[in-house]
């Protein structure tokens, strides 16, 4: 009887262990849109990511609704399709002022179009329309080589100054966008309760053109708390910080696009809780909702 009792005890213990393991929550599934190796601080700050890229120019004769453009995209198709990003320059500025972002973002696994606006004097609403027109061109009218690389359901917009204000206009008009990023944004409209798109606002502490107190911060604060959002302020920087290669803008933009366009949770670590503000570091203010 003692031997039989021992066997029953072993069976009972084994069953209990199996039931216990079964009750544990399953590990979070990896996103099907993850692209590239596991990220590190060095990899998101690097001037180039893991993907080789190539670029093609598009004449203004071929771009309905916006000006001439450059499309930069990964040469490899081995990992599947990519999200696409449209980037607008600011008031009176040309594509050249935001061109550095094209290869930097594309090399991290995105198809990127940087463009000239129809007029250098276009206001934010017009720039928002042109951001959407650029995305429509990528997904509907670009060459088969480019179009076949794009997942039309994973799209984002970025803009500088009035182009940054245009990103909010675009997100209001097309809530299906996966992410919006405003770089030292300017807009006469200060309140954006309509925004449902995950939004990153990057301001500059010493911005005298679009002071953060009357532009970036009110934009961030007016976006509903139910919307994923973050505000990053560049320490001791001017309105024109986005017009040249900037590591802080790069890593935060890459992380935001990866998290919300690619659903890649590997990048959340760089945004939540995010950088520690400092008077001597790169970031003077950082706020976020850190929503899923």
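The values are calculated or read from the model by the stated rules, or taken from the named source; none is laboratory data. Because the structure is predicted, anything quoted here is derived from the model rather than measured. Glycine gets a Cβ as well: all are built from the backbone with ideal geometry, and neighbour counts include every protein chain shown.
Has segment 99-106 got at least one residue that is under 14 Å from the mean Cα position of the chain (by Cα), modelled with pLDDT of 95 or more and either in a strand (DSSP E or B) or farther than 24 Å from residue 246 by Cα (or both)? Among the residues of segment 99-106, not one is under 14 Å from the mean Cα position of the chain (by Cα), modelled with pLDDT of 95 or more and either in a strand (DSSP E or B) or farther than 24 Å from residue 246 by Cα (or both), which makes the answer no. Among the numbered conditions (1) within 15 Å of the chain's Cα centre (by Cα); (2) under 25 Å from residue 34 (Cβ atoms); (3) not in a helix (DSSP H, G or I), the only one that residue 152 does not meet is (1). Restricting segment 139-155 to residues that are in contact with a helix residue (DSSP H, G or I) (Cβ under 6 Å, 6 or more places away or on another chain) and under 27 Å from residue 246 (Cβ atoms) leaves a set whose member that is surrounded by the most Cβ atoms within 10 Å (Cβ to Cβ) is 155.
Within segment 109-135, if we keep just the residues that are more than 18 Å from residue 182 (Cβ to Cβ) and in contact with a helix residue (DSSP H, G or I) (Cβ under 7 Å, 6 or more places away or on another chain), the residue that is surrounded by the most Cβ atoms within 10 Å (Cβ to Cβ) turns out to be 111.
Among the residues of this structure, residue 196 does not count as one that is touching a helix residue (DSSP H, G or I) at 6+ places or on another chain (Cβ under 8 Å), closer than 23 Å to residue 109 by Cβ and at pLDDT 95 or above.
Which of the residues belonging to segment 78-112 are without any contact (Cβ under 8 Å) to a residue 40 or more places away in the chain and out of contact with any strand residue (DSSP E or B) (no Cβ under 6 Å at 6 or more places or on another chain)? The answer is 78, 92, 94, 96.
Would you point out which residue out of 275, 218 is surrounded by fewer than 24 Cβ atoms within 10 Å (Cβ to Cβ), assigned to a helix (DSSP H, G or I) and either touching a strand residue (DSSP E or B) at 6+ places or on another chain (Cβ under 7 Å) or without any contact (Cβ under 8 Å) to a residue 40 or more places away in the chain (or both)?
One residue alone meets the criteria, 218.
Checked against (1) surrounded by fewer than 17 Cβ atoms within 10 Å (Cβ to Cβ); (2) over 16 Å from the mean Cα position of the chain (by Cα), residue 284 passes all but condition (1).
Of all the listed residues (49, 22, 67), the sole one being modelled with pLDDT of 95 or more and over 18 Å from residue 250 (Cβ atoms) is 67.
When segment 257-271 is filtered for residues that are within 15 Å of residue 201 (Cα to Cα) and out of contact with any helix residue (DSSP H, G or I) (no Cβ under 8 Å at 6 or more places or on another chain), only 260 remains. Residues satisfying the criterion are absent from segment 178-188 (criterion: surrounded by fewer than 22 Cβ atoms within 10 Å (Cβ to Cβ) and out of contact with any helix residue (DSSP H, G or I) (no Cβ under 8 Å at 6 or more places or on another chain)).
Exactly one residue out of 211, 185, 175 is within 17 Å of residue 98 (Cα to Cα) and not in a strand (DSSP E or B), and it is 185.
For segment 161-176, which residues satisfy the criterion of being touching a strand residue (DSSP E or B) at 6+ places or on another chain (Cβ under 9 Å) and over 20 Å from residue 232 (Cα atoms)? Answer for segment 161-176, where residues must be touching a strand residue (DSSP E or B) at 6+ places or on another chain (Cβ under 9 Å) and over 20 Å from residue 232 (Cα atoms): 170, 174, 176.
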